[in-house]
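We did not get these values from a lab; they are worked out from the coordinates using the rules stated. All of these numbers come straight from a predicted model, not from anything done at the bench. Every residue, glycine as well, gets a Cβ built from its backbone with ideal geometry; the counts of neighbours run over all protein chains shown.
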């Protein structure tokens, strides 16, 4: 065994031991399965404190440079830390948009001043970030964003509305896509990208109740909100390029994230346990041959997702379609988990209609909650339909029409 492998194994054991010893006790309220469920100050502060504790222990931001608060280690170390967090089912990392999207973007394309200003405070959760891409009237047509940014001296004046801004009411900053020129021949050329402060007059974030019952999203209104011109990332008119780079991080098609642990894993291990504990006609569901056959199919698919992620890192195994696995990963994973969770509910029979808080709900409504939460994953970062179009055009070379 190489010294490098020994060091990684030692680190993996260290992280696992720390997570076991420091996993928080039940706080007495429902913790989110995903970062899109943080709908109260109580949950926010609990998760903020937990992220800071994990950061201080040295287990997030491992690949980021030391001068910006990281450790400067290979990606394998962050993956090992993430695996330990998932295995121990500790609370999720809170500041996902900063850790996974804005932070890697600033590292890749930002100035040294921007890196010094933003990165460490993302890791410590001192500054929470949100995303201002989608708009109420334009759905998945991101290139048609109409929120305007008009230069006025040393400021830009922002007017418009953004929606599905997770953490919008708690955030210090937003990665904002806005239109600086409404008269370009190509709509994409009129967009610019900002690292915009949220604590300025004229910005109002209104919580939206989700199907899960909590308020993890907001609709954010800009009414003559003035932000410094220095918030512009890159040049005017380059916003579409910067936004597409951001989506590469959001969809995990490109690495550099400070952690991937932004949701509590709901895997086939959980479903197998549920079929052992749920009975039909006096027998565990796991003994039903049809159920077993369906479970095996799901197990095969889940295993293939893990193996595909490994394969994607080996160029020699991806020569025919070099970007196929990276570009299809989000679609394959989110649709798989949607179907798997839906199947888990179907096994509950009539009790599948019960939810969290309902008397008699199996496992307290765990599977219903997981299923509803998964819709955020199939929509955010580009809907499954948009993802299919991307694969068709950029992997298979199919025409747009």
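Structure data summary
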quantity	calculated
Against the rule of thumb 2.2 N^0.38 Å, how large the Cα Rg of segment 26-93 comes out	1.21
Tilt relative to the chain, helix 324-346 - C-alpha long axis, 0 to 90 degrees, to 10	50 degrees
Computed FRET value (nearest 0.05) for residue 208 with residue 316, which takes r as the C-beta separation and R₀ as 35 Å	0.15
Chain lengthening between residue 296 and residue 26 when straightened (0.36 nm per residue, less Cα-Cα)	93.9 nm
For segment 268-394, the spread of Cα positions along each principal axis, largest first, Å	52, 28, 19
Percent breakdown of C-alpha pair distances by 10 Å bin, ordered from the shortest bin, for segment 224-279	16, 25, 24, 16, 10, 8, 0
Order of 211, 122, 386, 97 - criterion: other Cβ atoms within 10 Å of each residue's Cβ, fewest first	211, 386, 97, 122
Computed label-point distance, nm, for sites residue 254 and residue 89 using a 7 Å Cα→Cβ extension	3.6 nm
Percentage relative contact order, segment 268-394, counting C-alpha pairs under 8 Å, at least six apart	19 percent
Cα pair count fraction exceeding 35 Å, expressed as % - the chain	30 percent
Spin-label model distance (nm) - residue 355 vs residue 186, 7 Å beyond Cα toward Cβ	4.4 nm
Segment 213-329 shape via C-alpha gyration tensor axes, a/c threshold 1.5	oblate
Whether segment 253-308 is rounded, prolate or oblate, judged on the alpha carbon gyration tensor where a/c under 1.5 counts as rounded	oblate
In degrees, nearest ten, helix 384-394 long axis to first principal axis of the chain (Cα)	70 degrees
Crossing angle, helix 75-88 versus the chain [Cα axis fit, 0-90 degrees, rounded to tens]	50 degrees
All-pairs Cα distance distribution in segment 130-250, expressed in whole percent, bin size 5 Å	2, 13, 23, 26, 20, 11, 4, 2, 0
Max mean-square fluctuation residue, GNM over the chain, Cα-Cα springs under 10 Å, options 322, 201, 289	289
Neighbour-count order for 208, 92, fewest beta carbons within 10 angstrom listed first	208, 92
